[in-house]
Structure formats: structure tokens, C-alpha cells
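Q: Could you have a look at this structure, given as C-alpha cells, before my questions?
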Amino acid sequence: MFDLNGKTALVTGGGRGLGLEMAKALARAGAWTVINGRNVDTLEQTRARLADDGIAVAVAPGDITRDVEAILVDATAKTGALDILIHAVGERDRRNTEAMEPYEFAALLNTDLTAAYAMAKAALPYLRQSAAGRLIFVTSIAAFAARPGDPAYTAAKGGLSALTRSLAVELGADNLTVNAIAPGWFATETNAHLAADPALKAFVDVRIPLKRWGRPEEIAPAAVFLASPAASFVNGITLTVDGGMTVQM
């Protein structure tokens, strides 16, 4: 039920972090997988590193805020089709409302929300040709739980979760499911310094029932599940992977 052999996939933001873990998992499950990112060198280094581990992926570099069509043309030229799109690109600007100007707020929404919509819209002709298309957004627990000083990211991720529901309703008739994954606190390379901070240990012990950060590879099974035949009747959900953080009072 979790076999992806014969499927093709594109993972935006797949060159590092959680996007990379998802791409690796799709490839291991049998999907012919393409990873996207802005930095060609980073993508090629990742591709070579994965090849050394026996995992074959292709690369389709480009900026998702302006190169959407080119990325999809490049990716589908390498795979021949597109069955699975995981959109894992996101940026964060941890400034409060007084420090952030409206145009800066709009810029982050453009990267984290509008670009996701643009990628989904451009991918529809490809995904509709699939016998079982899968569109998966990567949002955040910030979609439904807020911390002070993070208004733009919180708004963007909340909007992305709402967009997931909207597209699921709109596109279900095309045999295309739309879901999202909401990661909690994961110790990726971007925030490894925070995961190693003893001052945060007390917070983690109180707020996360499992009393630890997530390991990056622990996000991967959620992606494989939503992309696989096992999730054929799962549509419009945001699957939270946070060690129980958002359910604890």
C-alpha cells in the first residue's frame, strides 16, 4: 500500500532539510524523484551524496517565486510525467508587527503562500493526467498555534492550510487529493543550534510530550503515506507531526 514504484515526484525545497528527507523517502519507496531549489551547486552536491547512498534523484533548479513553469517543464522532461508534487519551500522572518513593514509582510506571504498557489496551479495539467495525483503542501504547526513576534509566517502557514482545504474540495473530482503536513520542532541543519541550546531544554520538556525535538527523518513517513495508495481516500487534511506539542494544554 505504500509502494511508489512507477510514480514520479517533484519536491520543491528538496535540496536540504525536511524537503530532502521527504524526497529521499519517496525515492526509497520507488518514485522517480526530482528535487528543486534555488542553488544549483547545493542541489548537485545533494544529488551526488544521495547517489553515493544508492538513492537516485534528478535536479530541477529554480526560484519558486518566479520560475514555476520552467521548474515543472524541467522536472517533467526528466520524469516523463508528474504524479506527486510536494511543495516544501518556506522562509521565516521572526520580527514583530512594529518591526515589520506591510511590504515586508507581503513579501513573505508571496514566498510562503502565493508561490505555493502558483506552483499548484501550474502543476494541475500534469497532475490531472495522473491516475492518482497527489498534491502535498508543507505548512507548520504555526498554521494553528502562534508565538509572539512571528505574524507573517503564522499568517502564511495558516493560509496554506486553508488553501489545502479549498483545493481539496475543488479538485477532488479530478481524482486528485490535496493534503498538507504540519511539522513541529525539528532539529534540521537550519535550527540545529536551537536544538542544542540547553536553555530551550526546559521549554521542550514542558511543551512537547515526547520531551525532545523531532529528528528530520521522522517527517518522511508522513510524506510517503500521503503520496501512496494507502491515502487514496484521505483528502483535505493537515497531518500534524509534532510529538504532541499542539494537543497538550
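The values are calculated or read from the model by the stated rules, or taken from the named source; none is laboratory data. These numbers come from a predicted model, not from an experiment. For neighbour counting, all protein chains shown are included, and Cβ atoms are generated from backbone atoms with ideal geometry for every residue, glycine included.
Q: If you take the residues in the range 95-113 that are not in a helix (DSSP H, G or I) and not aliphatic (A, V, I, L, M), which one is farthest from R66 (Cα to Cα)?
A: Restricting to residues being not in a helix (DSSP H, G or I) and not aliphatic (A, V, I, L, M), the top hit is E98.
Q: Okay, moving on. For a quick check of your reading of the model, give me the residue pairs whose first member lies in the range 216-234 and is within 18 Å of L171 (Cβ to Cβ), whose second is in a helix (DSSP H, G or I), with beta-carbon atoms closer than 8 Å and at least 6 apart or on different chains.
A: Filtered contacts from the range 216-234: A227/L26; A231/F225; V234/L226.
Q: How many residues are closer than 21 Å to D112 by Cα, of a type outside the set (A, V, I, L, M, F, W, C) and in contact with a helix residue (DSSP H, G or I) (Cβ under 9 Å, 6 or more places away or on another chain) if we restrict to the range 165-177?
A: 1
Q: Determine whether R92 is in a loop (DSSP other than H, G, I, E, B), surrounded by fewer than 19 Cβ atoms within 10 Å (Cβ to Cβ), in contact with a helix residue (DSSP H, G or I) (Cβ under 6 Å, 6 or more places away or on another chain) and not small (G, A, S).
A: yes
Q: Can you tell me which residue among T139, T111, T164 is more than 24 Å from S232 (Cα to Cα) and crowded, with 18+ Cβ neighbours inside 10 Å?
A: Every option except T111 fails the conditions.
Q: Right, another one. In the set G244, G158, G236, which member is surrounded by fewer than 22 Cβ atoms within 10 Å (Cβ to Cβ), on the phi < 0 side of the Ramachandran plot, modelled with pLDDT of 95 or more and of a type in the set (G, A, S)? Break it down into steps so the answer makes sense when it comes.
A: Numbers: G244 fails: on the phi < 0 side of the Ramachandran plot; G236 fails: on the phi < 0 side of the Ramachandran plot.
From the options G244, G158, G236, the qualifying one is G158.
Q: Can you tell me how many residues in the range 38-50 are within 22 Å of R215 (Cα to Cα) and either of a type in the set (A, V, I, L, M) or under 16 Å from the mean Cα position of the chain (by Cα) (or both)?
A: 2
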